Amino acid sequence: MYKRQLQGDTLAVLLDRLGIDELETQRLMAARDASSRLRWLRPGTTVQARTSHDGGLLDLSFLVSGDRLVSIQPLHDGFQAQELPAEMMASAHMKSGEIRSSLFAATDHANIPDAVAMQLADVFAGDIDFHRDLRKGDRFTVVYEMLSYQGRNVRSGRLLAAEFQNQQRTFRAVWFQHPGSKGGYYTPEGKNLRKAFLRSPLEFSRVTSGFSMRFHPILKQWRAHKGVDYGAPTGTRVRATGDGVIEFAGRQSGYGNLVIVGHGNGMTTWYAHLSGFAKGVRAGTRVSQGEAVGMVGQTGWATGPHLHYEFRVRNEHRNPVTIA
C-alpha cells in the first residue's frame with residue numbers, strides 16, 4: 001500500500017510516484033469512468049494505491065467531500081470507479097482559548113477548526129452577541145468530535161460540550177439526543193438553550209468577526225435608544241432573530257430596503273438598509289429563527305454598509321440588546 005499527497009504534481013507524476021507503470025497509467029486515463037473521477041482530485045488530497053510487482057494497479061482510492069471514498073479497481077480490460085461512504089472513526093478533542101481580539105483569532109491560536117467556532121457561536125447565540133458582547137479576557141473551552149480515516153484526521157464533527165466565560169458570566173452547553181429524536185444543546189441542569197430570540201441578527205462568520213457595533217454618525221442618540229446598528233460588509237447574511245411571519249418587505253423612506261417580521265403578541269423585529277432580500281421573502285411568508293431575510297447594504301439613510309436592527313412591542317421601541 002502506497003500513500004501520496006497530490007501537491008504541485010500532475011496526475012501522471014503522482015501515479016508514477018505511487019509506482020504505477022506508465023502503460024497502466026495510460027490505460028487508467030483512457031478509462032472514461034475512472035478518469036472522470038480522477039478529475040475530482042485537488043492539491044493536498046491523499047491518494048492510496050496498491051500495485052503489483054510489475055506496476056499494475058490493484059486498487060486506488062481517495063476521499064472526496066470529506067466523508068465519501070472514491071475507489072478505482074481494474075475490471076476486465078479497463079477500470080471501474082465507485083463512490084462509497086468512508087468508514088470514519090470519531091474521537092473527542094478538548095481545547096481552550098482566550099479572546100484577545102476576536103473569536104476566530106482565538107480559535108486559530110488554539111488550533112480549533114472554523115466549523116467548531118461556528119457551532120460555538122450558534123450554541124450561545126441566544127445569550128451572547130458575538131459581534132458586540134465579546135471582551136478581551138473572555139475564555140472558552142470546547143469538546144468536539146474529530147473524524148478520521150485510517151488514522152488521518154479528515155474534518156471536525158459535532159460540538160459535544162462547551163463553556164464560555166463572557167463579562168464575568170459563565171455559560172455552559174452539552175449536546176443531548178434521545179434515541180429517535182432531533183437532539184439539542186442543554187445546560188448541565190437540563191434547560192434547553194434555545195431562546196425565543198437570538199442576541200444578534202447577523203450570522204457569525206470570519207467576515208463579520210472583526211466588526212463591532214456602530215452608531216449612526218448623525219443620529220447617534222436616536223439610534224442608541226431606538227435600535228442597534230451593526231457594521232458589516234455589503235452582502236453579509238441577515239437572519240431572523242425569532243420565528244415569525246413577514247409583515248413587510250420593501251422600501252421605506254430612511255430605512256431603505258426593510259424587512260419587518262411579526263412574532264405574535266405585538267412583537268416585531270425590523271431589519272433595515274438591506275442591499276436585497278433573501279429568496280422567497282415577501283409579506284405573509286413564514287420564517288424560522290436563523291433563516292435569512294436579506295443581506296447587509298447601504299440603502300436609505302445610510303452613510304456606509306451596515307444593518308439597522310429594531311425590536312418593537314406594540315410599535316413601541318424596546319432595547320434589542322436586553323429583550324432577547
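The values are calculated or read from the model by the stated rules, or taken from the named source; none is laboratory data. Because the structure is a prediction, the values reported are computed rather than measured. Heads up, the Cβs are rebuilt from the backbone with ideal geometry, glycines too, and the neighbour counts pull from every protein chain shown. Each accessible area value is taken on the protein alone, full model and side chains, heavy atoms only, with ligands, DNA and RNA left out. Shrake-Rupley method; radii C 1.70, N 1.55, O 1.52, S 1.80 Å.
Of all the strands (runs of 3 or more DSSP E) wholly in region 100-212, which have at least 3 residues that are in contact with a helix residue (DSSP H, G or I) (Cβ under 6 Å, 6 or more places away or on another chain) and touching a residue at least 40 places away in the same chain (Cβ under 8 Å)?
Result: 152-166.
Mind checking which residues of region 312-321 are more than 26 Å from the chain's Cα centre (by Cα) and either over 18 Å from ASP243 (Cβ atoms) or of a type outside the set (A, V, I, L, M) (or both)?
Passing the criteria: ARG312, ARG314, ASN315, GLU316, HIS317, ARG318, ASN319.
I'd like the full set of residues that are of a type in the set (Val, Ile, Thr), touching a residue at least 24 places away in the same chain (Cβ under 8 Å) and either within 16 Å of GLY250 (Cα to Cα) or open to solvent by 30 Å² or more (accessible area, probe 1.4 Å) (or both), limited to region 284-324.
Once the filter is applied, which keeps residues that are of a type in the set (Val, Ile, Thr), touching a residue at least 24 places away in the same chain (Cβ under 8 Å) and either within 16 Å of GLY250 (Cα to Cα) or open to solvent by 30 Å² or more (accessible area, probe 1.4 Å) (or both), region 284-324 yields THR285, VAL293, VAL296, THR299, THR303, VAL321, ILE323.
What number goes with the only condition from (1) at pLDDT below 95; (2) over 30 Å from LEU60 (Cβ atoms); (3) open to solvent by less than 20 Å² (accessible area, probe 1.4 Å); (4) over 19 Å from the mean Cα position of the chain (by Cα) that ALA86 does not pass?
(2)
Of the conditions (1) under 28 Å from THR45 (Cα atoms); (2) touching a strand residue (DSSP E or B) at 6+ places or on another chain (Cβ under 8 Å); (3) crowded, with 17+ Cβ neighbours inside 10 Å; (4) of a type outside the set (D, E, K, R), PHE104 fails just one. Which one is it?
Among (1) under 28 Å from THR45 (Cα atoms); (2) touching a strand residue (DSSP E or B) at 6+ places or on another chain (Cβ under 8 Å); (3) crowded, with 17+ Cβ neighbours inside 10 Å; (4) of a type outside the set (D, E, K, R), the lone unmet condition for PHE104 is (2).
Check whether at least one residue in region 196-212 is among the polar types (S, T, N, Q) and modelled with pLDDT of 95 or more, and report yes or no.
The answer is no, given that none of the residues of region 196-212 is among the polar types (S, T, N, Q) and modelled with pLDDT of 95 or more.
Please go through region 266-283 and pick out each residue that is surrounded by fewer than 11 Cβ atoms within 10 Å (Cβ to Cβ) and in contact (Cβ under 8 Å) with a residue 24 or more places away in the chain.
Matches in region 266-283: none.
Considering region 164-189 alone, what residues qualify as being open to solvent by 50 Å² or more (accessible area, probe 1.4 Å) and within 25 Å of ASP133 (Cβ to Cβ)?
Scanning region 164-189 gives GLN165, GLN167, GLN168, ARG169, THR170, ARG172, VAL174, TRP175, TYR186, PRO188, GLU189.
Only one of these conditions is not met by GLU98: (1) open to solvent by 40 Å² or more (accessible area, probe 1.4 Å); (2) at pLDDT below 90. Which number is it?
The one condition GLU98 does not meet is (2).
Any residue that is touching a residue at least 24 places away in the same chain (Cβ under 8 Å), more than 16 Å from SER200 (Cα to Cα) and within 18 Å of the chain's Cα centre (by Cα) - is there at least one of those in region 229-236?
yes
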